[in-house]
1. Out of the strands (runs of 3 or more DSSP E) lying entirely within the stretch 520-586, which hold 3 or more residues that are out of contact with any Phe, Trp or Tyr (no Cβ under 7 Å at 6 or more places or on another chain) and touching a residue at least 24 places away in the same chain (Cβ under 8 Å)?
2. Only one of (1) of a type outside the set (G, A, S); (2) touching a Leu at 6+ places or on another chain (Cβ under 9 Å); (3) not in a loop (DSSP other than H, G, I, E, B) fails for I214. Which number is that?
3. Determine whether the stretch 468-486 contains at least one residue that is away from the ligand (no atom under 15 Å from the Cβ) and touching a helix residue (DSSP H, G or I) at 6+ places or on another chain (Cβ under 6 Å).
4. Any idea which of Y272, Y283 is assigned to a loop (DSSP other than H, G, I, E, B), within 30 Å of T7 (Cα to Cα) and either modelled with pLDDT of 95 or more or touching a helix residue (DSSP H, G or I) at 6+ places or on another chain (Cβ under 9 Å) (or both)?
5. Just one of (1) more than 21 Å from A134 (Cβ to Cβ); (2) within 16 Å of the ligand (Cβ to nearest atom); (3) among the hydrophobic types (A, V, I, L, M, F, W, C) trips up I304, so point out which.
6. Name the single residue, out of those in the stretch 415-434 being within 16 Å of the ligand (Cβ to nearest atom) and hydrophobic (A, V, I, L, M, F, W, C), that is farthest from G393 (Cα to Cα).
7. How many residues does the stretch 446-475 hold that are aliphatic (A, V, I, L, M), in a loop (DSSP other than H, G, I, E, B) and surrounded by fewer than 15 Cβ atoms within 10 Å (Cβ to Cβ)?
8. From the set of residues in the stretch 385-408 that are in contact with a strand residue (DSSP E or B) (Cβ under 7 Å, 6 or more places away or on another chain) and near the ligand (Cβ under 8 Å from one of its atoms), which is farthest from A345 (Cα to Cα)?
Amino acid sequence: MSFQIKTFEEYQDAYKKSVENPEQFWGEVADQFFWKRKWNNVLQWNFKEPNIKWFEGGKLNITENCLDRHIYQNGDTPAIIWEPNDPNEAHRILTYKQLLGKVEQFANVLKNNGIRKGDRVCIYLPMVPELVIAVLACARIGAIHSVVFGGFSAQSIADRINDAECKLVITADGGFRGTKVLELKTIVDDALMQCKSVEKVIVLTRSRTPVSMIKGRDVWWEDEIRKVETQGNPACPAEEMDAEDTLFILYTSGSTGKPKGVVHTTAGYMVYTGYTFANTFQYKPGEVYFCTADIGWITGHSYIVYGPLSQGATSLMFEGIPTFPDAGRYWDIVDKYKVNIIYTAPTAIRSLMAFGDEYVDNKDLSSLRVLGSVGEPINEEAWNWYHEKVGKGRCPIADTWWQTENGGHLMTPIAGVTPEIPGYAMLPLPGVQPCLMDENGKEIEGNDVSGNLCIKFPWPGMLRTTWGDHERCRQTYFATYENMYFTGDGCYRSPEGYYRITGRVDDVLNVSGHRIGTAEVENAINMHSDVVESAIVGYPHPVKGQGIYAYVIANHHIDEESTRRDILQTVSRLIGAIAKPDIIQFVDDLPKTRSGKIMRRILRKVAEDDLSRLGDISTLQDPTVVDAIIEGAKAFK
Ligand code: PRX
């Protein structure tokens, strides 16, 4: 890991070089990966179209970098440690050699089931090692994976499958989460009623939940593996991929419309996730690294699978939830496997804090060296608890700020190397050129200033397009400010030049670290036959970070309690339980401007109970609406 930065001076040198000569900088990083053929150009780009190409002309396969290249010296090093939901079930360890064998085997299963380079494969699996195997098997043969988080509904799966025209779905009979069993195959069956493109479904046995298998379409994972075994040669050579071939699609919510398929390509993503993994966490060979995310989100893609494996690390994955069988589970895992680095989300920290210190105080956490945080702003109280109770005051915290679209960390303290302040993402990593912009499109210079956070220059891990709709990618990220990537986040730069993310400036919510579009939830609520109109805003929530507050105009004859229940069910069915509103307030009218636009600013203030700063309401069609809403909101305080 010779690109690992060890001191603050090395960071400053690397940063300077990455800005002054980005091509040389990233060329040298990329040189430390395995290429079948070297690139012609490190970077060609414009943010206008946008058109971004890293390592153009290079040929490689990311799985050779994540697996094959470690085999010679480190074949017996654990690649994946898997901790099951039930602590009494046996755990599993897959060494690099074993993982490669399983990936090749399953890659052959995919081929036997008609999958070829460029085909899209939807993966809807619980957090079991087969999820990593499935992801890497796709990459092995050049198929594009689209992993869908196990908490999403049949409708959400169907939308994602249809958008990407997936040919095959990989799922399990069911999955365990705490005391619950998720009936994944049944959910997939529901989804597929709407999907014409899917020819085959591969079903893994996990929960032994009864399922119906459709002849000609559905096959068992285990049977298919047996077929490959009897075919003789288990190896599966890695497909030669272009640097810019699509590696995967991952859907994420924006401020408008349906979730969009963020497209990441092969070489840039590999180089960026490997580089940031090695640097942010200062991973040392032999250490055990535990990322608590689900592989259904970008954090799991980049920092359970690709980043750690490309660096030969031992990546621990956990099937269950932090509170099962009790709120000490993460700390039991740390003790059991002598975890050195843990990477989790503020919402998990806050929820565990609320259970009390006794779950953490009596655990042996002496193996921990580095703590990481991701997904949402971390409040000072949670930061301090993490630092004191978990890290015993001796572990640096990497508060990593980044997004699905970024592929990897953009701003974060480098653990123990660059400074840290609670709640601050601090400084950009090498190669990242942040800037703050004002409402008029002008850059805000100097320090002690706030603005909209943009990035001026490409980095290898950035998205290239949104699947099937390049214009949407341009509009969303590259049209607000000329020649800039717009993050959608607000940001403060301190007098010392340190960055602090202040939250989204668009209509995107961050609920328990999950990104949720207000328009998506509104569309779902509006599908309910008794709903006339709705408006969603976020409000501060002690555990989730943000809660979902729904203002709903419903038909007059309704019974509020049962309609509330029905609305929650509708949202669960159309999106998933994660998008269910915490509060539903029925209103007679919504505050609208004379042109008919809902004034969300006012609704947000009411939800936050911040009535002193409602602002100017004189431009409303009917200002009296606001009083009625304030009155109705009292029931929820
Ligand atoms: O608002 C920022 C917030 O999460 C958004 C990105 O969400 P998603 O694409 O789901 O990716 C989450 C995991 C990378 C950002 O626009 N966010 C993420 N990390 C942080 C954060 N806000 C503050 N501090 C962070 N460390």
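1. On the way: elements: 531-541, 545-554, 583-586.
In the stretch 520-586, the matching strands (runs of 3 or more DSSP E) lie at 531-541, 545-554.
2. For I214, the exception is condition (3).
3. No, the stretch 468-486 contains no residue that is away from the ligand (no atom under 15 Å from the Cβ) and touching a helix residue (DSSP H, G or I) at 6+ places or on another chain (Cβ under 6 Å).
4. On the way: Y272 fails: assigned to a loop (DSSP other than H, G, I, E, B).
Testing whether each residue is assigned to a loop (DSSP other than H, G, I, E, B), within 30 Å of T7 (Cα to Cα) and either modelled with pLDDT of 95 or more or touching a helix residue (DSSP H, G or I) at 6+ places or on another chain (Cβ under 9 Å) (or both) leaves just Y283.
5. (1)
6. Checked the stretch 415-434; the qualifying residue farthest from G393 (Cα to Cα) is V432.
7. Our first condition is that a residue be aliphatic (A, V, I, L, M); within the stretch 446-475, this holds for 449, 453, 455, 462-463.
Now narrow it down to the ones that are in a loop (DSSP other than H, G, I, E, B): 462-463.
Next, only the ones that are surrounded by fewer than 15 Cβ atoms within 10 Å (Cβ to Cβ) stay: none.
Qualifying residue count, the stretch 446-475: 0.
8. Looking only at the stretch 385-408, we keep the residues that are in contact with a strand residue (DSSP E or B) (Cβ under 7 Å, 6 or more places away or on another chain), and these are 386-387, 390-391, 395-401, 403-405, 407.
Then drop every residue that is not near the ligand (Cβ under 8 Å from one of its atoms), which leaves 399-401, 403-405.
Values: D399: 9, T400: 10, W401: 11, Q403: 14, T404: 15, E405: 18 Å.
The residue in question is E405.
The values are calculated or read from the model by the stated rules, or taken from the named source; none is laboratory data. Keep in mind the model is a prediction, meaning the values are calculated, not measured. With ideal geometry, Cβ positions are generated from the backbone for all residues, glycine too; neighbour counts draw on all protein chains shown.
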